[in-house]
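Chemist: Have a look at this one.
The values are calculated or read from the model by the stated rules, or taken from the named source; none is laboratory data. In this text, all values refer to a predicted model and were calculated from it rather than measured experimentally. Backbone-built Cβ (ideal geometry, glycine too); neighbour counts: all protein chains shown. Please note that ligands, DNA and RNA were not included when accessible areas were found on the heavy atoms of the full protein model with its side chains. Shrake-Rupley method; radii C 1.70, N 1.55, O 1.52, S 1.80 Å.
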Amino acid sequence: MNDNGVEITTSGPDAGLDERLSKELDAFNQAATPGHEQSEFTVRITDADGSLVAGLSGWSWGDRAGIGMTWVREDRRGGGWGGRLLAAAEAEARRRGCASILVSSFTFQAPAFYARHGYVETARVPGFPGGHEDVYFLKRL
C-alpha cells in the first residue's frame, strides 16, 4: 500500500523493528512517568555442567513488577525449580521497591502453579486455539 509516499508492509519476524519499537515505547513511557524507571531482570538456574535448568525474564516499572517468561527444562519439572524462580524474581522485585508482581499463563501452561504460589487470578481472556484462555494473575509482595 502506498499513500503519499508512505509505504505500509507486512512481513514475518523483524528483530530490528522489535528493537526500535521497544526503544521508542520505553522512551515514551519514561517521559510520561518521570522518576519511575523501567528495568528488566532475569533469573537463571544452571546445573553443574552449566546447562540451563530453568529461567525467568521479568521487568519492573515504578513499584510494579511483571514476569514475561518462565521455563523449566522438562526433565527437571516437578523438582521445585519453578518455585525457586518465582522466589528469586519476587525477591528482586522487592529489592527494587515493588509492591506487586503480575504474570499471565495460558490454561495449557501453568495457572495452577501460580495460584499455588499465592498469585491471585484477576482476569481471563477466552478464545485461544484449542479452547484455551489466557489467565492473568497478581501477587502483592
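Chemist: Taking θ as phi - 60°, what are the ³J(HN,Hα) couplings along the range 66-80 by the Karplus curve (6.51, -1.76, 1.60), each to the nearest whole Hz, with x for Gly and Pro?
Modeler: With coefficients 6.51, -1.76 and 1.60, one gets x, 10, x, 9, 9, 8, 10, 4, 3, 6, 10, 5, x, x, x Hz.
Chemist: In addition: What's the local net charge at PRO111, with K and R +1, D and E -1, over the other residues with C-beta under 12 Å away?
Modeler: Charge balance in the 12 Å sphere: -1.
Chemist: Cut-off 10 angstrom, C-alpha nodes, Gaussian network model of the chain. Which of ALA27, ALA91, ALA115 fluctuates the most?
Modeler: Per the Cα network of the chain with a 10 Å cutoff, ALA27 tops the list.
Chemist: Moving to a separate point now. With the other protein chains left in place, how much accessible area per residue, in square angstrom, belongs to the chain at a 1.4 angstrom probe?
Modeler: Each residue of the chain exposes 67 Å² on average to a 1.4 Å probe.
Chemist: Evaluate the relative contact order of the range 4-141 (contact order divided by residue number), counting alpha-carbon pairs under 8 angstrom at least 6 apart; express in whole percent.
Modeler: About 16 percent, as a whole number.
Chemist: Report ³J(HN,Hα) in whole Hz for each residue of the range 113-120, in order, from the Karplus equation J = 6.51 cos²θ - 1.76 cosθ + 1.60 where θ = phi - 60°; Gly and Pro get x.
Modeler: 4, 5, 4, 4, 9, x, 7, 9
Chemist: Between Rg and the Kirkwood Rh of the chain, both from Cα atoms, what is the Rg to Rh ratio?
Modeler: On the Cα set of the chain, Rg over Rh gives 1.04.
Chemist: Could you give the nm distance between label points at PHE113 and PHE28, where each point is 7 Å from its Cα heading toward the beta carbon?
Modeler: Modelled inter-label distance: 3.2 nm.
Chemist: Separate question: Given the -39500 (n - 2.57) contribution per DSSP H run of 4+ residues, what per-residue ellipticity at 222 nm results for the chain, rounded to the nearest 500 deg cm²/dmol?
Modeler: Details: 3 runs with 39 residues, N = 141.
For the chain, the value works out to -9000 deg cm²/dmol.
Chemist: If you don't mind, another one. Would you mind classifying the range 48-119 by shape? Square roots of the alpha carbon gyration tensor eigenvalues, ordered a ≥ b ≥ c; an a/c under 1.5 is rounded, otherwise it is prolate if a/b is larger than b/c and oblate if not. Write out the running numbers ahead of the final one.
Modeler: Working: a/c = 2.12, a/b = 1.40, b/c = 1.51.
Note, shape of the range 48-119 comes out oblate.
Chemist: While we're on this one: With a cut-off of at most 15 other beta carbons within 10 Å, and DSSP calling the residue loop, which GluC sites (Glu not before Pro) in the range 1-108 qualify? Please list them.
Modeler: The qualifying sites are GLU37.
Chemist: Can you give the local net charge around ALA93? Use residues other than it whose beta-carbon is closer than 14 angstrom to its beta-carbon, Lys and Arg +1, Asp and Glu -1. Could you put the intermediate results ahead of the total?
Modeler: Details: positive: ARG64, ARG94, ARG95, ARG96, LYS139, ARG140; negative: GLU37, GLU40, ASP63, GLU90, GLU92.
Combined, the nearby Lys, Arg, Asp and Glu give +1.
Chemist: I want the local charge near ARG20. Using Cβ-Cβ distances under 12 Å, sum +1 for each Lys or Arg and -1 for each Asp or Glu among the other residues. Provide the component values of the computation, followed by the final result.
Modeler: On the way: positive: LYS23; negative: ASP14, ASP18, GLU19, GLU24, ASP26.
Computed value for this residue: -4.
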